[in-house]
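Enquirer: Got a structure for you, written out below as structure tokens; questions coming shortly.
The values are calculated or read from the model by the stated rules, or taken from the named source; none is laboratory data. Quick caveat: nothing in here was measured; it's all calculated off a predicted structure. Don't worry about glycine lacking a Cβ; one is built from the backbone with ideal geometry, like all the others, and counts go over all protein chains shown. Each accessible area value is taken on the protein alone, full model and side chains, heavy atoms only, with ligands, DNA and RNA left out. Shrake-Rupley method; radii C 1.70, N 1.55, O 1.52, S 1.80 Å.
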Amino acid sequence: MNVLVINCGSSSLKYQLLDMDTETVLAKGLAERIGIDGAVVVHQPAGKDKVKFEQPMETHKEALDIIMAALVDADHGVIKDLKEIDAVGHRTVHGAETFASSVVINDEVIKKMEDCSELAPLHNPANLIGIRACEELLPGVPMVGVFDTAFHQTMPAEAYIYPLPYEMYEKYRIRKYGFHGTSHRFVSLTAAELLGENIGNLKLISCHLGNGASVAAIRYGKCIDTSMGLTPLAGLEMGTRCGDIDPAIIPFLCDKGYTVDQVNTMMNKESGVLGVSGVSSDFRDVEAAAEAGNERAKLALDIFIYRVKTTIGAYVAAMDGVDGIIFTAGLGENSSKDRAAVCSGLKYLGIQLDEEKNSKRGEALVISTPDSRTKVMVIPTNEELMIARDTVELVG
Ligand code: ADP
């Protein structure tokens with residue numbers, strides 16, 4: 001069964017075509033700058049060179065037209081006919097309390113997703129555009145929506161209710177939702193396999209550390225807390241996002257003459273490691289600057305490590321213990337130095353890292369020593385595969 005996985009952003013569209021009989025990627029790619037100058041599709045058939053299509057694309061449907069043509073092209077195609085696409089799995093961002101698991105998309109689901117759009121005004125409308133474009137181009141092919149928030153719907157009320165007046169939750173659905181759920185779910189399931197344990201017996205903390213970053217407490221396979229909130233702005237320090245700050249800072253800045261929009265942009269796009277270091281939002285650049293003696297770059301990284309560590313500590317308390325800590329995403333998968341820095345503050349968990357294993361890259365691996373009381377793992381995330389697996393499960 002071939003599944004096309006689509007991740008639609010406001011001006012971009014990522015895709016992967018997977019053969020789910022073998023769980024292999026047949027082709028993947030990215031359309032960027034849709035609707036703006038310089039639009040491009042980069043198509044990568046497995047085992048072959050990348051192909052670039054630089055041409056104007058006004059809509060996501062036009063981008064998908066190019067992608068579909070590439071998938072069946074005689075030279076760089078990987079299937080003969082679009083009929084070989086058996087199902088489409090869409091990454092869908094905000095499912096609010098409506099979607100606690102993946103769903104087969106129909107008119108009713110689309111209506112409910114529209115209803116969730118006010119909670120993710122940048123993401124949900126873009127996801128819906130992708131869904132409608134696929135409906136037109138692949139009529140009759142079943143589609144599944146896999147929500148970023150769904151995995152976190154098992155959190156108990158004490159973790160997700162903000163101590164605001166309760167009507168704010170009832171009237172406006174203001175609560176903690178959490179994001180990166182597909183990634184946290186994928187790596188926690190893989191961790192159980194790696195440890196040879198039933199996930200139903202494990203207390204895991206998964207650290208998705210990329211440009212956007214979040215931590216999740218996963219007890220016996222179910223998420224019980226996570227660091228992002230109503231929006232992905234909460235929790236850890238990130239590439240450009242501030243994470244948790246005293247909420248009183250917002251009215252304080254507004255009193256100083258900043259508009260709400262300016263503060264919002266500041267917190268989302270000008271803060272985090274970029275804001276503190278003044279160097280870059282990319283952790284590699286900030287690390288290079290810190291190594292060259294830039295004090296603010298060092299401070300930005302120290303804040304990051306401190307927050308990851310203290311969030312892990314909070315989740316050990318929330319679960320009354322922990323069996324395994326997982327590192328994933330750009331920095332979590334690639335930076336042995338940062339993993340070691342986080343773990344160096346977790347001696348009370350009996351963690352001992354195996355330095356040689358911690359220096360490896362690209363594979364799912366236990367990087368703690370055999371007698372380490374808490375296991376530490378690096379697990380490359382694979383949200384596309386998780387989406388494709390859910391799609392097969394629902395429509396296969
Ligand atoms: P997102 O999907 O949220 O955009 P990624 O998961 O791709 O982010 O992670 C990107 C981040 O990971 C970048 O800030 C990058 O600098 C960081 N990163 C990648 N490799 C390394 C490395 N070896 N050391 C430190 N940071 C790294």
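Enquirer: Here are some residues: GLY210, GLY243. Which one is at positive phi and open to solvent by less than 70 Å² (accessible area, probe 1.4 Å)? Step through it out loud before you land on a result.
Expert: On the way: GLY210 fails: at positive phi.
Exactly one of GLY210, GLY243 is at positive phi and open to solvent by less than 70 Å² (accessible area, probe 1.4 Å), namely GLY243.
Enquirer: Could you run through the stretch 323-349 and say how many residues are more than 20 Å from ASN382 (Cβ to Cβ), more than 8 Å from the ligand (Cβ to nearest atom) and open to solvent by less than 20 Å² (accessible area, probe 1.4 Å)?
Expert: 4
Enquirer: Would you check which residues across the stretch 290-304 are away from the ligand (no atom under 12 Å from the Cβ) and surrounded by 14 or more Cβ atoms within 10 Å (Cβ to Cβ) and list them?
Expert: Step one: of the stretch 290-304, the residues away from the ligand (no atom under 12 Å from the Cβ) are 292-299, 302-303.
Hits for the stretch 290-304 are ASN294, ARG296, ALA297, LYS298, LEU299, ASP302, ILE303.
Enquirer: Also, I was wondering about something else. What number goes with the only condition from (1) small (Gly, Ala, Ser); (2) at pLDDT 95 or above; (3) at positive phi that ALA70 does not pass?
Expert: Condition (3) is where ALA70 drops out.
Enquirer: What is the number of the single condition among (1) closer than 20 Å to LEU331 by Cβ; (2) surrounded by fewer than 16 Cβ atoms within 10 Å (Cβ to Cβ) that ASP371 does not meet?
Expert: Condition (1) is where ASP371 drops out.
Enquirer: Out of the residues in the stretch 257-276 meeting the condition of being among the aliphatic types (A, V, I, L, M) and open to solvent by less than 70 Å² (accessible area, probe 1.4 Å), tell me which one is nearest to the ligand (Cβ to nearest atom). Let's see the steps before the verdict.
Expert: Within the stretch 257-276, the first condition is being among the aliphatic types (A, V, I, L, M), and the residues that meet it are 260, 263, 266-267, 273-274, 276.
Still in the list and also open to solvent by less than 70 Å² (accessible area, probe 1.4 Å): 263, 266-267, 273-274, 276.
Working: VAL263: 23, MET266: 19, MET267: 17, VAL273: 8, LEU274: 10, VAL276: 14 Å.
By that ranking, first place goes to VAL273.
Enquirer: Another question about this same structure. If a residue must be more than 16 Å from the ligand (Cβ to nearest atom) and either under 20 Å from ASP338 (Cα atoms) or touching a helix residue (DSSP H, G or I) at 6+ places or on another chain (Cβ under 8 Å) (or both), how many such residues does the stretch 214-243 contain?
Expert: Within the stretch 214-243, the first condition is being more than 16 Å from the ligand (Cβ to nearest atom), and the residues that meet it are 217-225, 229-230.
Then keep just the ones that are either under 20 Å from ASP338 (Cα atoms) or touching a helix residue (DSSP H, G or I) at 6+ places or on another chain (Cβ under 8 Å) (or both); that gives 217-225, 230.
Residues that pass the stated criteria total 10.
Enquirer: Also, I was wondering about something else. Does the stretch 233-240 contain at least one residue that is open to solvent by 50 Å² or more (accessible area, probe 1.4 Å), out of contact with any His (no Cβ under 8 Å at 6 or more places or on another chain) and under 20 Å from THR328 (Cβ atoms)? Break it down into steps so the answer makes sense when it comes.
Expert: Initially, the stretch 233-240 is screened for residues open to solvent by 50 Å² or more (accessible area, probe 1.4 Å), giving none.
There is no residue in the stretch 233-240 that is open to solvent by 50 Å² or more (accessible area, probe 1.4 Å), out of contact with any His (no Cβ under 8 Å at 6 or more places or on another chain) and under 20 Å from THR328 (Cβ atoms).
Enquirer: Oh, and also: If only one of LEU253, LEU274, LEU299 is on the phi < 0 side of the Ramachandran plot and within 22 Å of the chain's Cα centre (by Cα), which one is it? Explain how you work it out, then say what you get.
Expert: Values: LEU253 fails: within 22 Å of the chain's Cα centre (by Cα); LEU299 fails: within 22 Å of the chain's Cα centre (by Cα).
Answer to the selection: LEU274.
Enquirer: Out of all the residues in the stretch 160-170, is one or more of a type in the set (A, V, I, L, M), touching a residue at least 24 places away in the same chain (Cβ under 8 Å) and open to solvent by less than 70 Å² (accessible area, probe 1.4 Å)? Spell out how you get there, then give the answer.
Expert: Residues of the stretch 160-170 that are of a type in the set (A, V, I, L, M), as a first pass: 161, 164, 168.
Adding the requirement that they be touching a residue at least 24 places away in the same chain (Cβ under 8 Å) leaves none.
Within the stretch 160-170, not a single residue is of a type in the set (A, V, I, L, M), touching a residue at least 24 places away in the same chain (Cβ under 8 Å) and open to solvent by less than 70 Å² (accessible area, probe 1.4 Å).
Enquirer: Could I ask something else about it? Looking only at the stretch 18-32, decide whether some residue is at pLDDT 95 or above, touching a strand residue (DSSP E or B) at 6+ places or on another chain (Cβ under 8 Å), part of a loop (DSSP other than H, G, I, E, B) and surrounded by 18 or more Cβ atoms within 10 Å (Cβ to Cβ).
Expert: Yes, there is a match, as at least one residue in the stretch 18-32 is at pLDDT 95 or above, touching a strand residue (DSSP E or B) at 6+ places or on another chain (Cβ under 8 Å), part of a loop (DSSP other than H, G, I, E, B) and surrounded by 18 or more Cβ atoms within 10 Å (Cβ to Cβ).
Enquirer: Also, quick follow-up: Looking at (1) crowded, with 17+ Cβ neighbours inside 10 Å; (2) in a helix (DSSP H, G or I); (3) of a type outside the set (Lys, Arg), find the lone condition where GLY145 falls short.
Expert: (2)
Rundown of residues vs (1) more than 30 Å from LEU13 (Cα to Cα); (2) assigned to a helix (DSSP H, G or I), yes/no style:
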| residue | (1), (2) |
| --- | --- |
| CYS343 | yes, yes |
| ARG361 | no, no |
| ASP371 | yes, no |
| MET377 | yes, no |
| THR381 | no, no |
